[in-house]
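Asker: Pasting a structure here, questions to come.
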Amino acid sequence: RSAGGHRRYSRYQLRLAQRVRDLVDQGTALDAACRIIILEDQLAEAHKINLQLQRRLDQNDSRA
């Protein structure tokens, strides 16, 4: 909270809220919209880890 007692949101929190709003506006139930966003975040993290592991493999192959 700010010195004046106002709640502050991070850019990430604002993006999440906007994504939920967009899904709900398209007719998605709120609980389903939240689940979709969680799954999208998990997928993005899995892609990131996969890319890191692929880079390690590529580095090891180039050293061999």
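The values are calculated or read from the model by the stated rules, or taken from the named source; none is laboratory data. Predicted model only: the values in this text are computed from it and were never measured. Note that each Cβ is placed from the backbone with ideal geometry, even for glycine, and that neighbours are counted across all protein chains shown. Ligands, DNA and RNA are excluded from the accessible area calculation, which covers all protein heavy atoms including side chains. Shrake-Rupley method; radii C 1.70, N 1.55, O 1.52, S 1.80 Å.
Asker: Return the total of residues in the stretch 15-57 being of a type in the set (Asp, Glu) and either touching a Leu at 6+ places or on another chain (Cβ under 6 Å) or surrounded by 10 or more Cβ atoms within 10 Å (Cβ to Cβ) (or both). Step through it out loud before you land on a result.
Answerer: Narrowing the stretch 15-57 to residues of a type in the set (Asp, Glu): 22, 25, 31, 40-41, 45.
Cutting the leftovers down to either touching a Leu at 6+ places or on another chain (Cβ under 6 Å) or surrounded by 10 or more Cβ atoms within 10 Å (Cβ to Cβ) (or both) gives us 22, 40-41, 45.
Within the stretch 15-57, residues that are of a type in the set (Asp, Glu) and either touching a Leu at 6+ places or on another chain (Cβ under 6 Å) or surrounded by 10 or more Cβ atoms within 10 Å (Cβ to Cβ) (or both) number 4.
Asker: Restrict the check to the stretch 1-14 and report whether at least one residue is at pLDDT 95 or above, open to solvent by 80 Å² or more (accessible area, probe 1.4 Å) and among the charged types (D, E, K, R).
Answerer: No: the stretch 1-14 contains no residue that is at pLDDT 95 or above, open to solvent by 80 Å² or more (accessible area, probe 1.4 Å) and among the charged types (D, E, K, R).
Asker: Just checking, does the stretch 3-17 include any residue being in a helix (DSSP H, G or I) and more than 17 Å from the chain's Cα centre (by Cα)?
Answerer: Initially, the stretch 3-17 is screened for residues in a helix (DSSP H, G or I), giving 11-17.
Add one more test, that the residue is more than 17 Å from the chain's Cα centre (by Cα), and what stays is none.
No, there is no match, as no residue in the stretch 3-17 is in a helix (DSSP H, G or I) and more than 17 Å from the chain's Cα centre (by Cα).
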